[in-house]
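As structure tokens, the structure follows; a few thoughts come after it.
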There are 2 protein chains.
Amino acid sequence: MNVTAPALEGTALEAWRSYLQSHAAIVRELDADLHHAHAMTTRDYEVLLYLAQAEERRMAMSVLSERTMLTRSGITRLIDGLVAEGLVERVSCPKDARISYAQLTDSGHAKLVSAGVTHVAGIERLFLTHFSPEELDQLAQLLGRLPGALPETGGCTAAAEACAVSGPAGADGTCSVSE
Amino acid sequence: MNVTAPALEGTALEAWRSYLQSHAAIVRELDADLHHAHAMTTRDYEVLLYLAQAEERRMAMSVLSERTMLTRSGITRLIDGLVAEGLVERVSCPKDARISYAQLTDSGHAKLVSAGVTHVAGIERLFLTHFSPEELDQLAQLLGRLPGALPETGGCTAAAEACAVSGPAGADGTCSVSE
DNA sequence: CAATTCTAGTTGACCGGTCAACCGCCCCGG
DNA sequence: CCGGGGCGGTTGACCGGTCAACTAGAATTG
């Protein structure tokens, strides 16, 4: 008996396996870096970055939950943590009393900035340095076809777009955070 | 203030972001498939596959924990679950009473086989179909350089090697399970 | 052989996340 | 204007995993 579809033999699988394994290893390491250097989770970093990029540095919980691909309760709890550390505040919306915003504090912003340095360095070291610029283009072009990847914005104009931080689940942006 | 290292602008990031996002989306979907069709976790699938490929269809807990990149306690609990479902049995080692093996039962094997069909189909659908054979080679070649990926076995001989199922954390093999 | 030390596995406490139930508030139709 | 339904957010119960402490059995050494 054989579980393998006939098509799945030889090198096709190698791409898949490298894809999986490298991802696991890289993400693990990035997490460890961030945790070690800033006592912070990749998730934390991600939402801090989202907030920093947002209008007024605040976002409604549910918007945040969509972006991060966490459930609403998940985001509630994550923000609870950030609030406890003073990196974020909850502010309520005058227009709609149901909404509560998570707003980046100054200390949250500062922490994001310093964490960003190590995080970006990690991406550089673990991913980018392994390829030439042409190869990175190639990769972007190939991986862009996969489900979930942005459909390869051929010459996207605004930094805003290019910056749109990571995406579903455990992504991490690497964008400018201006001030 | 700017978090981004100067080098990290433009398209370089696109490769990284597609890499992250596609992985999240694909893995999520694969998980959902497996869960929906077989009420089983990708982790479960992974260890069942390891067991199926192992000598005598059994492995010591700690070996299993290395392979799956779970902690020993994690593997204990995971196996607890599989035992409860009757997919695996614990058998003790006559030579060394400290060791206990997890051994695949017939029903576990059957379940693996049927789950394998849907899982492999998922990989096909979500990953492989997006590329031509040449592109898959390219990808394998590029991704193979990343940390954690096997170093591109140029013409690896044995199926055994090619089959060495996924790797660290949440990998999933796609190999033959013969009997 | 006894004492030490190392290894395999399990267990308890906890953590980060989900799911489902819930509360409070908006909004829309009588 | 008020009653019901839908939406935003939080909360409780649980789950899958880690870490640290522990137990039992090997191995090593004097």
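Taken together, the values in this text are just the output of simple stated rules run on the coordinates, not laboratory data. No experiment lies behind these values; they were computed from the predicted model shown. Reconstructed Cβ throughout: ideal geometry from the backbone, glycine too, with neighbour counts over all protein chains shown.
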Cut-off under 5 Å, modelled amide H: who pairs with A:Tyr101 long-range:
A:Val91, A:Ser92, A:Cys93
Between the modelled labels at B:Val63 and A:Val63 (7 Å from Cα along Cα→Cβ) the distance in nm is 5.4 nm
Axis-nearest residue in chain B [Cβ, rotation onto A], distance in whole Å
B:His23, 2
Across peptide A:103-115, how many C-beta atoms of other chains are within 10 Å of each residue C-beta, on average?
1
Name the residues whose placed amide hydrogens come within less than 5 Å of the amide hydrogen of B:Val88, ignoring near sequence neighbours (fewer than 5 apart) on the same chain.
B:Val83, B:Thr105
What are the distances, in nm and sorted shortest first, from the label point of A:Pro94 to the label points of the same position in each other copy, with each label point placed 7 Å from Cα along the Cα-to-Cβ direction?
8.2
Peptide A:25-33 - average C-beta neighbours from other chains (10 Å radius)
3
Can you give the convex hull volume per residue for the Cα atoms of the range A:15-136, as a whole number of Å³?
128 Å³
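Suppose the chain between B:Glu85 and B:His35 were pulled fully straight at 0.36 nm per residue; how much longer would it get relative to their current alpha carbon spacing?
Numbers: separation 50, 0.36 × 50 = 18.00 nm, distance 1.47 nm.
This chain segment gains 16.5 nm when fully extended.
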